[in-house]
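Participant: Take a look at this one; I'll ask things after.
Quick note: the coordinates plus some simple rules give every number you see, no bench work behind them. Just so it is clear, the model here is predicted, and its values are computed rather than measured. Cβ coordinates were reconstructed from backbone atoms using ideal geometry, including for glycine residues, and neighbour counts include every protein chain displayed.
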Amino acid sequence: MDREVMLIRDSLIPKYAQLVYNGFWYSPEMETLQKYIDATQENVTGTARMKLYKGSCSVVGRKAPQSLYSEDFATFEKDQVYNQMDAIGFIKLNGLRLKIRHLLKRKTGKK
């Protein structure tokens, strides 16, 4: 599951819990929400190793055959997947709001 899908799924968890708590398990909104959750889990596979100690639980290992992570792609060296020139546009675009904020502060004399 990629980051954006996880963010949306996680933002819906409070609504899911509210529907369950209020007994709306068979409501149309719950059915729709459950279909979305099921769709996000279609490709989730693998195992996780957990450590239980004094009432806490920690993940100590995980592996998944369909993981989006691959050591082949986790490099900034020359490869077929990542072009370092792509980062320049990304950095400029994400920094634009900060640059505009700085310019506006300078224009108004605020620190």
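Participant: In degrees between 0 and 90, to the nearest 10, how far off the longest principal axis of the chain does helix 84-108 point, with axes built from Cα atoms?
Facilitator: The angle comes out at about 70 degrees.
Participant: Now a separate question. Taking only the Cα atoms of the chain, how large is their convex hull per residue, in Å³? Don't skip to the end; give the middle numbers.
Facilitator: Numbers: hull volume 29.3 nm³, N = 111.
Per-residue hull volume (Cα only) is 264 Å³.
Participant: Please give the peptides 29-42, 51-64 ranked by average Cβ packing (other Cβ atoms within 10 Å per residue), highest first, as a rough proxy for protection.
Facilitator: 29-42, 51-64
Participant: When a footprinting reagent is the concern and you count Cβ atoms within 10 Å, what order do 90, 24 take, fewest first? Could the numbers behind the result be given before it?
Facilitator: Numbers: 90 9, 24 14.
Fewest-to-most Cβ neighbours within 10 Å comes out as 90, 24.
Participant: At 7 Å along the Cα-to-beta-carbon direction for both residue 9 and residue 59, put a label point, then send me their distance in nm to one decimal.
Facilitator: In this crude spin-label approximation the distance works out to 1.1 nm.
Participant: Taking θ as phi - 60°, what are the ³J(HN,Hα) couplings along region 59-67 by the Karplus curve (6.51, -1.76, 1.60), each to the nearest whole Hz, with x for Gly and Pro?
Facilitator: Per residue, the Karplus-derived 3J(HN,Hα) values read 7, 10, x, 7, 8, 8, x, 10, 5 Hz.
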